[in-house]
There are 2 protein chains.
Amino acid sequence: MKICRALRASTAFAAILALPLSAARADEGMWTFDSFPAAKMRADYGWAPDQVWLDKVRAAAVRLTGGCSASFVSDAGLILTNHHCVATCIEQNSTADANILKTGFTARTREEEKKCAGQQAELVTSIRDVSEQVKQAIGTQAGEAAIKARSAILASLESSGCPDTARTRCQVVSLYGGGQYKLYTYRKFSDVRLVWAPEAQAAQFGGDPDNFNFPRYSMDASFLRAYEDGKAVATPNHLEWSARAPIDGEATFVVGNPGSTQRLLTSEQLAFQRELALPITLTIFSELRGRLIAAMDSSPEKAREGAETLGGIENSLKVYIGRVKALGDPAFTGRLAAAEADLKRRSAGNAAIGNPWADIAGAVRAYRDFYVADRFSLPSGELFNYAVTLVRAADERAKPNAERLPGYSDSALPLVEKRLLDAKPIHPWLDQLMMEWSLSKAREYLGADDPQTRLMLGMESPEGLAERLVSGTRLADPSVRKALWEGGAAAIAASTDPMIVYARSIDANDRDLQKRYDELVDAPLTSAQAKLADARFAAFGDTIYPDATFTLRISYGRVQGWTERGQKVPTRTALGGTFDRATGAEPFDLPAAFVKHQARIDKKAAYNFVTTNDIIGGNSGSPVIDRSGKVIGAAFDGNIHSLGGNYGYDATLNRTVVVSTDAIQEALEKIYPAPHLVAELRR
Amino acid sequence: MKICRALRASTAFAAILALPLSAARADEGMWTFDSFPAAKMRADYGWAPDQVWLDKVRAAAVRLTGGCSASFVSDAGLILTNHHCVATCIEQNSTADANILKTGFTARTREEEKKCAGQQAELVTSIRDVSEQVKQAIGTQAGEAAIKARSAILASLESSGCPDTARTRCQVVSLYGGGQYKLYTYRKFSDVRLVWAPEAQAAQFGGDPDNFNFPRYSMDASFLRAYEDGKAVATPNHLEWSARAPIDGEATFVVGNPGSTQRLLTSEQLAFQRELALPITLTIFSELRGRLIAAMDSSPEKAREGAETLGGIENSLKVYIGRVKALGDPAFTGRLAAAEADLKRRSAGNAAIGNPWADIAGAVRAYRDFYVADRFSLPSGELFNYAVTLVRAADERAKPNAERLPGYSDSALPLVEKRLLDAKPIHPWLDQLMMEWSLSKAREYLGADDPQTRLMLGMESPEGLAERLVSGTRLADPSVRKALWEGGAAAIAASTDPMIVYARSIDANDRDLQKRYDELVDAPLTSAQAKLADARFAAFGDTIYPDATFTLRISYGRVQGWTERGQKVPTRTALGGTFDRATGAEPFDLPAAFVKHQARIDKKAAYNFVTTNDIIGGNSGSPVIDRSGKVIGAAFDGNIHSLGGNYGYDATLNRTVVVSTDAIQEALEKIYPAPHLVAELRR
């Protein structure tokens, strides 16, 4: 359930348009730590955590830059997260001879722990309200000027907040779509290593068919360790490990980083999603899925090398299929329409609020005109990403911090650099496939005669161009990237690497589209959304929470099943159920270690369970914490109904799916034995 | 622009739900020959054809069972149609050594003309109104009983109408969704042979990117010949060939068989399409497209063998993308909603009409409950199709004609038998790909635990099951199919062929779904639609036309461009424009013969042109006829706006795309020389 980052324009749009529905009901809510609804929880549960409790769990909550959540679970930097959150790392450390994605992995010593390229662990150390500074800097400006002023003040706040860029990271986050701005400071650990992972088949048992479904039998857990200066980081503020089964009805907390929700799209915005953005997404990603499935079928190497990418695509697709389903359900959209009508009624006559709905409709109309161009302005592929990052960084780094594109501010650059320069395996066939696909989709949606198509393809075919660029570039070599990074604008201008030459040739067009987006879409939306936020605060006071922004949140709920077409869905599964569900045929074939250790395994150990916690993609790997503050599982999925959670939470149906510590402990003791980890968790 | 027959449930639904919008405006209308709107055309054009003219062109109009239209253009059974209508035949007659799909084909003698497996040419000889008989047979019955009564009377009418099943074919067609029933009698020619085809690259120049676009440079034309008893059929009633350029503004007629339109879906039906049916279609066919593209990339044989299937999928996908776009355009759907509101107003107070909209809404709601099961009840693949046809025919043929499933009535069986027994190449890899894909999609949409999934997969994976069935079956051999066909129920029951065994195992579930559809969807819809038809006749008199039903229609219009985003799109292209548009990269690379004969080609010859005629998929290959009754081109496509034509015609934007006789003549004389055909056309 990772955040899909593949859809630049649409996710950008999504993140920015997002606002919550109305006053939160039942267990709804992804709350910030500074406004936990203790009174409300106490009313419902007869108990709620106090500030000491909240501070304690917050201090152990980890964000992973790959788009996941996690937690420290020992005093020596040991991190619990999901297997699917580290699958890229496992795949990168696999070879044809030692396919640890397939076999699983246990580092017997610290020395055997394997570096995860591009991965970084982050811990929030402070949150400061900077709304006034940001709003003052924007002042009465509008259009592109407003966006530029905002970028400048954010860059400045982030830069002055974190002078030590090696150990800290600052991010200003816009909450309530522009209603509040908060400066998050993170202690960061950019050396993260793989400690333990089960077989992929244990983590992914049931594969795509079971994804977002329940009952479920998945060992979707892994351990990482944070390092600094070559040594494991000391983490005295860790969560205590409690290897036990969940109890029906007990209170549970999920502490993690939900990626993005869109819970107060106006009807115009929903129409944009349903009519334009989502159909394109379904269509092009389904084709990519098909291309990849068939390409992987042609050799065992490709099957191995493409597995992680395919898993990500299938996961994202299911998310989008779930969203389409939600927006195609008249009952669901009826509730959203009713909430919109309600807020309009409550705000009628409030002159300060005006008509933000009309302003938003205007911005959406404007975006409809160039959405396709914006969406298809850059091809896909790791190598192309390197190239466009290098080209852009060379330009941006030469500018003062306040004038750069947001992704290239001083506070953002260290992670950009790390991702660019970290060594990682490149699979040219996969890059070529991604480029062919994305270029052919650009031509298809723009049309062969469109100027942007001509700019992107010239006289070449998508296949010919992709082949020429991928086979000709040397960017797979980290030292080549390093030389271009360090050489700056002069090195980029002088480069004859075909991928760099190509990225140079299409960069200006993409920048123009960004400008147009800032001017015609982002600026009016930000202003209108701030007014909508005002309307909501006026109507509902502090009973609301901001939409998800991949920042730390806490959700409360309880261990509870649900009713599906009249049938009660159980609260949890047992480890032994794996053997009953196995068919022998992929993806329902048993993991080798399960077969091998079948006799020893405690079949009754709790395996996966569901809770009413309100989560979304980005929460993957979040610790599930009991009333005593101990970790009893790792959230790894939602049920199929939770996919509509992007637009609204339904307490009767939305569920979080968790792998229990009971099962992980059983795995550590008997299936993928790691006695030293068992000891470390007990310490 | 062929009819997509791949989507059983949804196209069945589509065809049955269809009714026209309101009184036809401008050049809108796919008119039946017995109600050509001569007065209206005369008012707009100052001229209209008389009965003699209409009878003459009707007598030369050919329907091809593959889903296309065509016309006789010589006295010796020569048939003009599109290249894409015969691509399957060309591919079937291609080998690795003689890839005539790539090289083009000219039969220098009659003996060299190549049989097209499964192809049949049909000529309407009479149309009789049988509405009273059908309505009387249904009487006051409802639900499944009504559908059974209708099937029985149709089977009986068709059977008694065409005792000579070798030379004639009878079909009762429901017009106005049940408002009228007409018995069409066809003279059929089941031996059709390939005479002439250009290179695929000439026909498909611009490929998928240019499909449904204009300006266009496509030689999408071919010639077939009808045979009987081993001899070319004499066709004195043929169209006269006029090799000339079109004149801007001149009147044009398209005479052919539009496949299906849905121009009076109620708002509930449109919602069903937009929210449920179309997103699934886009998603699963895009994945299939991707699987096929990548599989074809793995070898030149697969590239050749899969080309025709891929072309069909891409064409269908574009159609569906166009439909999604139309239904996502608020202006377009606003017009449809206004027309519905208008008809409701006009019908208010007419007690005989009642509230068919509510009845239709009920049927749609009922279908939502089992649409996914219905849609995914049978896997795809030629070999599976053979198997399920054999299994079903064995059951059905043992029943009296009136009690059979509609597809197995006496009148339908000869074509079923021909398609089953005609020899044609099977590509096992392609069948396996289709089965894997369709079975995995069934599991995905139904869920792994669904009883239908368990029925269809058992303990196997989609990949394992497909591999076992495709590698184990002997149904690729026509003699095996023949033995099973002739052996009837006993042979089927005794067969151990794995594909037959599998088809037997899932047949009953599909029959149950069909029953449920008849009872809960088809019966209430048919009854409600008949009332809607009454409402329309009451409101608009005879100024309306029935939705398309793949039966012969005539459309009038004129040679005319349109305006796209403020730019005038020209009326036609010239043959020489091909050279300007060529990039050298696929699919914009020049056909070899164009390069070879470049110096001789008349660059100014008219190539493709657009007209305002109202057509849709199934019209491909239709003759485009001038005022004098001569053929001046073959319709082969619509522009991108014509895809919304499924739901409504917009005279300012919808255009038919035609390959001119001027260009075909040039090809016959200079590019793919066939002097004997030139002589035959002049005769």
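Relative contact order, whole percent, for segment B:108-194 stands at 45, derived from Cα pairs under 8 Å and 6 or more residues apart.
Among A:567-574, B:342-349, B:460-467, sorting by the average number of other beta carbon atoms lying within 10 angstrom of each residue, highest first, gives B:460-467, A:567-574, B:342-349.
By average Cβ neighbour count within 10 Å, what is the ranking of A:368-377, A:350-359, B:121-130, A:548-557 from highest down? Write down the numbers at each step before the final one.
Numbers: A:368-377: 20.1, A:350-359: 14.6, B:121-130: 18.1, A:548-557: 25.1.
Sorting A:368-377, A:350-359, B:121-130, A:548-557 by mean packing, highest first, produces A:548-557, A:368-377, B:121-130, A:350-359.
Take the Cβ atoms of B:Arg128 and B:Glu228, set R0 to 25 Å, and the FRET efficiency comes out at 0.50. Would you mind checking the pairs A:Lys182/A:Lys531; B:Lys182/B:Lys325; B:Lys135/B:Lys188 and listing those with alpha carbons more than 25 angstrom apart? B:Lys182/B:Lys325; B:Lys135/B:Lys188, as the Cα separations exceed 25 Å there. As a rough guide to protection, the peptides B:593-600, A:384-391, B:186-193 ranked by mean Cβ packing within 10 Å, highest first, stand as A:384-391, B:186-193, B:593-600. Placing unit charges on the Cβ atoms of the charged side chains and taking the dipole of chain B about its Cα centre, the candidate lying farthest along the positive direction among B:Pro209, B:Val501, B:Gly334 is B:Gly334. If you average the alpha carbon positions of segment A:508-525 and of segment A:89-119, how far apart do those two centres end up, in angstrom? Cα centres, segment A:508-525 to segment A:89-119: 42 Å. Note on the protein assembly as shown: dipole from Cβ charges, positive end direction compared against A:Thr611, B:Ala538, B:Ser440; the farthest Cα belongs to B:Ala538. Remark: the protein assembly as shown carries a charge dipole of roughly 1180 debye about the Cα centre, counting +1 on each Lys and Arg Cβ and -1 on each Asp and Glu Cβ.
Can you give the relative contact order of segment B:267-540 as a percent, counting alpha carbon pairs under 8 Å and 6+ residues apart?
On the way: 223 pairs, mean separation 75.7, N = 274.
Reported as a whole number, the value is 28 percent.
With the label put 7 angstrom out from Cα along the Cα-to-Cβ vector, A:Pro163 ends up 10.6 nm from the copy partners, going from closest to farthest.
What share of the DSSP beta bridges in chain A is antiparallel, in percent to the nearest 5?
95
Separation of segment A:410-432 from segment B:326-394 is 50 Å, based on Cα centroids.
Please work out whether segment A:528-683 counts as rounded, prolate or oblate from its C-alpha gyration tensor, where a ≥ b ≥ c are the square roots of the eigenvalues and a/c under 1.5 means rounded, while otherwise a/b larger than b/c means prolate and anything else oblate?
Judged from the Cα gyration tensor, segment A:528-683 comes out prolate (a/c at least 1.5, a/b above b/c).
For segment A:267-540, the Cβ-based charge dipole about the Cα centre amounts to some 700 debye (Lys, Arg positive; Asp, Glu negative; other atoms uncharged).
For chain B, relative contact order (Cα pairs under 8 Å, six or more residues apart, normalised by length) works out to 27 percent.
Local charge for A:Gly354 was computed over the other residues whose Cβ lies under 12 Å away, with Lys and Arg +1 and Asp and Glu -1, and equals 0.
For segment A:578-611 and segment B:266-321, what is the separation of their C-alpha centers, rounded to whole Å? Answer, in whole Å: 37.
Each copy carries a label point for A:Glu301 at 7 Å from Cα toward Cβ; from one copy, the others' points are 2.3 nm away, ordered from shortest. Simple spin-label estimate for B:Glu586 and A:Glu467 gives 0.8 nm between the two label positions (7 Å along the Cα-to-Cβ direction from each Cα). Counting only other chain Cβ atoms within 10 Å of each residue's Cβ, the peptide A:457-466 averages 4. The convex hull around the C-alpha trace of the protein assembly as shown, projected and averaged over every direction, spans 50.7 square nanometres. With bins 5 Å wide beginning at 0, the percent of Cα pairs of segment A:267-540 falling in each bin runs 1, 5, 10, 12, 14, 15, 14, 11, 8, 5, 3, 2, 0, 0. Peptide A:324-331 shows a mean partner chain C-beta count of 4 within 10 Å per residue C-beta.
Distances from B:Ala592 to itself in the other copies, using label points 7 Å out along the Cα-Cβ axis, amount to 5.1 nm in increasing order.
Computed from phi, the 3J(HN,Hα) profile of segment A:337-350 under the Karplus parametrisation 6.51, -1.76, 1.60 (θ = phi - 60°) reads 5, 5, 5, 5, 4, 4, 5, 4, 4, 5, 8, 4, x, 8 Hz, with x in place of Gly and Pro.
Label-to-label distance for B:Ala599 and B:Phe579 is 1.2 nm, based on points extended 7 Å past Cα in the beta-carbon direction.
Basic side chains Lys and Arg get +1 at the Cβ, acidic Asp and Glu get -1 at the Cβ, and with that the dipole of chain B about its Cα centre reaches some 1040 debye.
Does segment B:352-429 come out rounded, prolate or oblate by the C-alpha gyration tensor, with a ≥ b ≥ c the root eigenvalues, rounded set by a/c under 1.5 and, if not, prolate when a/b is larger than b/c and oblate if not? Working shown, then result.
Numbers: a/c = 2.96, a/b = 1.66, b/c = 1.79.
Cα axes put segment B:352-429 in the oblate bin.
Simple rule: put +1 on each Lys or Arg Cβ and -1 on each Asp or Glu Cβ in the protein assembly as shown, find the dipole, and look at A:Ile360, B:Ile147, A:Val195; the Cα lying farthest toward the positive end is A:Ile360.
A rounded overall shape is assigned to chain B, the ratio a/c of its alpha-carbon gyration tensor axes (a ≥ b ≥ c) being less than 1.5. Among A:Trp437, A:Trp47, B:Trp53, the order by Cβ neighbours within 10 angstrom, fewest to most, reads A:Trp47, B:Trp53, A:Trp437. The spread of Cα positions in segment A:557-627, taken along each principal axis and listed from longest to shortest, comes to 37, 31, 24 Å. Per residue of peptide A:276-286, the mean number of Cβ atoms on other chains within 10 Å of the residue Cβ is 6. Along segment A:572-577 the Karplus relation, 6.51 cos²θ - 1.76 cosθ + 1.60 evaluated at θ = phi - 60°, assigns HN-Hα couplings of 8, 10, 10, 3, x, x Hz to successive residues, with x for each Gly and Pro.
The value given for segment B:455-498 is a Kirkwood hydrodynamic radius of 11.7 Å, derived from the mean inverse Cα-Cα separation.
At each listed q (0.13, 0.17 Å⁻¹), what is the log10 of I(q)/I(0) that the Debye formula gives for segment B:368-474 modelled as equal alpha-carbon point scatterers? Scattering profile of segment B:368-474, log10 relative to I(0): -0.58, -0.91.
For B:Lys482 and B:Arg511, what is the calculated FRET efficiency with R₀ set at 41 Å and r taken between the beta-carbons, to the nearest 0.05?
On the way: r = 25 Å, r/R0 = 0.61.
The pair B:Lys482/B:Arg511 has a calculated efficiency of 0.95.
Laboratory data are not the source of any read-out in this text; all were calculated from the coordinates shown. What you are looking at is a predicted structure, and each value in this text was computed from that prediction instead of being measured. FYI the Cβ positions are ideal-geometry reconstructions off the backbone, even for glycines, and counts take in every protein chain you see.
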